[in-house]
1. May I ask you to order 55-63, 40-48, 12-20, 88-96 by the average number of other C-beta atoms within 10 Å around their residues, highest value first?
2. On full extension of the chain, what length is gained from E50 through K28, given 0.36 nm per residue of separation minus the C-alpha to C-alpha distance?
3. Roughly speaking, what is the stretch gain from A84 to N97, that is 0.36 nm per residue apart minus the C-alpha to C-alpha distance, in nm to one decimal?
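Just so it is clear, none of the values below were taken in a lab; they were calculated from the coordinates. On a predicted model such as this, the values are computed, not experimentally measured, just so you know. Using ideal geometry, Cβ is built from the backbone for each residue, glycine included, and neighbour counts are taken over all protein chains shown.
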Amino acid sequence: MKLRLDRRSQRSADQHLALGYQLEHTRKSGGLEAIALADADGLLVASAGEDTLCAELSALAPLVGRSSVAMGVGRALATRPLCALGESLFLVAQGGNLARDAVLSESARGVVRILERA
C-alpha cells in the first residue's frame, strides 16, 4: 500500500476560505506582493495581499488576459486565465520571484480543484 503525503497544512470545506488559503500559499511561495482571483467582469472573487491592491488587480485582470506586463515602475503583473464550472476566471499577481510563473500555474490548478469539488 502506497501512502500519499498531503502537502496542504490548511484546508477548509468552505470554498471561499479554501481559496483564501490557496492564494495565500501562492503569495508566500512566489514572493508575490498580492494575488487576486477575478471573474470575467473584473470582480474580485478571492485574494491574498492588501485589499485595495487586490481590488485593483482584479479590475485589470480581464484587460490584461494571459501575459506578464509592466504597469509602471515596480508594477509587473502576471495573469493566468482559467475556467471552472464553465466560468472564465483570471488569476492576477503583482511582484514575485523567479518561481512566479510556476506557482501561478500550480495555483490555477488548485483554484479549479477547489471550485469544482462537489
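1. Answer by packing, highest mean first, reads 88-96, 55-63, 40-48, 12-20.
2. Full extension of this stretch gives 6.6 nm more.
3. Values: separation 13, 0.36 × 13 = 4.68 nm, distance 2.69 nm.
Full extension from A84 to N97 adds 2.0 nm.
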